[in-house]
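Novice: Handing you a structure now.
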Amino acid sequence: MSVRNYRLYWLGMAVSNNGTWMQRIAQDWLVFSLTGSSFAVGVTTALQFGPMLFLGLFGGLIADRYDQRKLLLITQCVLGSLAVILAALTLTGNIRVEYIYVVALGLGLVTVVDNPARQTFVGVMVPKELMRNAVSLNTGNFQLARLTGPAIAGVLIAAAGPGWAFAINALTFVATIGALLAMRVSELQVLPRAERAKGQLREGLRYVAARPHLLWTIVLVFFVGCFGFNFPIILTAYAGTEFHGGAGLYGWLNSTMAVGSLVGALLAARRNVVTVRMLYAAAAGFGVMLMVAGATPWLWLFLPVLAVTGLAGVSFNTMANSTVQLATDASLRGRVMSLYFLVLMGSTPIGSLIVGWITEHWGAPIALGVSGVVVVLAALGCGYLAARQAGLRISLDPRPGRRHLVVAARG
């Protein structure tokens with residue numbers, strides 16, 4: 001926060017993230033109100049997040065080629081314009097679900113460029129030694145908005161309708177655009193740009209494949225995203241069938257997890273150094289907390305365990321994000337981060353089918369337990385394979401007074 005440009009950006013995003021969460025809630029509610037169909041809500045979500053799966057690497061290449069600040073000015077203006085269109089159609093009574101589909105697809109296409117540009121812009125605003133701290137504060141910003149944005153949206157939708165939520169979201173982009181315009185360009189870091197050439201997407205993939213600490217971290221992110229972040233499914237089942245509550249309890253469960261996630265992000269912001277060993281240990285710890293949560297039968301105990309689980313999950317996410325950014329050459333960072341988010345966001349829909357099936361047939365506690373086991377095994381397996389590919393040898397020594405885990409060069 002001592003860096004003026006980053007401080008402006010963080011405050012602008014704090015306003016905009018709240019608006020984004022408000023629009024997400026209002027958009028899903030409006031689609032369901034118009035159609036009465038959960039499938040239609042799913043179609044909207046697929047249209048909004050699907051482009052990242054198919055075009056994410058191209059977005060990363062664009063972020064590597066062009067000035068990230070100028071890219072963000074363009075994407076934020078387009079995102080704000082889409083919110084204006086949605087607000088105008090809703091408030092005038094001309095909204096139809098097909099129009100929402102088109103806007104959702106537009107949001108997804110813009111996000112393809114906006115997401116990697118935002119990630120790599122952190123390294124433009126702050127020096128390398130502050131990047132891990134800045135990434136953690138960005139995560140905390142998002143988690144704080146996740147806590148407050150849906151609550152504001154709920155009140156606003158009940159009082160005035162979803163159209164005003166879209167209108168307020170459109171206004172919040174003024175804060176981000178204003179922050180970007182108010183920055184001192186002379187204080188931004190100068191990063192190398194990727195020149196136009198053939199095979200640049202393959203270059204990014206080869207770069208990751210040749211570096212064990214990047215490759216196996218991204219593979220681990222796949223397993224954690226696939227099995228560790230299916231809480232909408234899990235918490236819905238807990239609120240409805242395990243603890244026999246309703247929408248109110250579901251809200252409490254989400255808020256409890258958001259509080260833990262926010263604390264985890266703020267704690268991660270205090271950490272200046274993260275070793276690869278700490279990263280894999282954080283993933284294993286998250287898996288263990290998933291198993292503990294699955295084995296907790298009482299609501300009064302489940303709530304604090306859920307908060308700690310959220311803390312552990314965000315701690316791993318923050319460590320993995322900052323580690324990949326710091327370990328990547330600046331000219332390739334956009335492509336590598338787009339691959340990172342493609343894996344993270346693309347794995348969750350896959351996992352949701354698996355975890356949803358387990359939850360439906362065996363119950364939410366079993367689903368949490370199985371997810372935790374998979375995450376722990378993935379952390380151990382990826383850690384071992386990363387060390388092996390890097391030419392390291394791992395040995396365990398359980399004897400008292402000895403260093404229990406030893407990592408050394410083979411031979």
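Each value in this text was obtained by applying a stated rule to the coordinates, not by laboratory testing. Keep in mind that what you see is a predicted model, and the values were worked out from it rather than measured. Here the Cβ positions follow ideal geometry from the backbone for every residue, glycine too, while neighbour counts run over all protein chains shown.
Novice: For Arg7, Arg118, which order do you get if you count the other beta carbons within 10 Å of each Cβ and list the fewest first?
Specialist: By the 10 Å Cβ count, ascending, the order reads Arg7, Arg118.
Novice: Cut-off is 10 Å between beta-carbons; in what order do Phe222, Phe54, Phe173, Phe49 appear when sorted fewest neighbours first?
Specialist: So the residues, fewest neighbours to most, are Phe54, Phe49, Phe222, Phe173.
Novice: Any idea what Rg and Dmax come out to for the stretch 66-142 if you just take the C-alpha atoms, in Å?
Specialist: Rg and Dmax of the stretch 66-142, Cα atoms, are 16.0, 51 Å.
Novice: Taking the Cα centre as origin and putting +1 on Lys and Arg beta-carbons and -1 on Asp and Glu beta-carbons, what dipole magnitude results for the chain, to the nearest 20 debye?
Specialist: 1480 debye
Novice: Using 0.36 nm per residue of separation minus the Cα-Cα distance, give me the extension gain between Val155 and His244 in nm, one decimal.
Specialist: 29.6 nm
Novice: Fewest Cβ neighbours within 10 Å first, please rank Thr236, Thr323 accordingly.
Specialist: The fewest-first ordering by Cβ neighbours comes to Thr236, Thr323.
Novice: Rounded, prolate or oblate: pick one for the stretch 253-319, where a ≥ b ≥ c are the square roots of the eigenvalues of its C-alpha gyration tensor, a/c under 1.5 means rounded, and failing that, prolate if a/b is larger than b/c, else oblate.
Specialist: oblate
Novice: First obtain the Kirkwood hydrodynamic radius of the chain from its Cα pairs, then insert it into the Stokes-Einstein equation at 4 °C and 1.567 mPa s, and state the resulting D in µm² per second as a whole number.
Specialist: It diffuses with D of about 58 µm²/s by this estimate.
Novice: How many nm is it between the label spots at Leu181 and Leu353, if each spot is 7 Å from the Cα in line with the beta carbon?
Specialist: So the label points at Leu181 and Leu353 sit 4.6 nm apart.
Novice: For the charge dipole of the chain, defined by +1 on Lys and Arg C-beta atoms and -1 on Asp and Glu C-beta atoms about the Cα centroid, which residue among Val376, Phe121, Leu79 has the Cα displaced farthest towards the positive pole?
Specialist: Value computed over the given set: Phe121.
Novice: Test of understanding: what is the full-extension gain from Leu380 to Lys128, defined as 0.36 nm times their sequence separation minus their Cα-Cα distance?
Specialist: The span from Leu380 to Lys128 would gain 87.8 nm if fully extended.
Novice: Working only with C-alpha atoms, what are the Rg and Dmax values of the stretch 268-369, expressed in angstrom?
Specialist: 16.1, 51
Novice: A further question on this structure: How much mean residue ellipticity at 222 nm does the chain get from its helices, if each DSSP H run of length 4 or more adds -39500 (n - 2.57) and you divide by all residues, to the nearest 500 deg cm²/dmol?
Specialist: -27500 deg cm²/dmol
Novice: Obtain the nm distance between the two label points defined at Glu203 and Trp362 by a simple spin-label model: each point lies 7 Å from its Cα along the Cα-to-C-beta direction.
Specialist: 4.6 nm
Novice: Would you be so kind as to identify all helices of the chain, as entire DSSP H runs, whose Cα atoms reach 18 Å or more along the helix's own axis and whose mean Kyte-Doolittle hydropathy is at least 0.5?
Specialist: 38-65, 68-91, 97-125, 131-160, 162-182, 212-228, 247-269, 276-294, 299-326, 333-362, 364-389
Novice: Each label point is 7 Å from the Cα along the Cα-to-Cβ direction; what then is the distance between the points at Ser2 and Glu98, in nm?
Specialist: 5.8 nm
Novice: Can you give me the C-alpha center-to-center distance between the stretch 151-171 and the stretch 223-245, rounded to a whole angstrom?
Specialist: 27 Å
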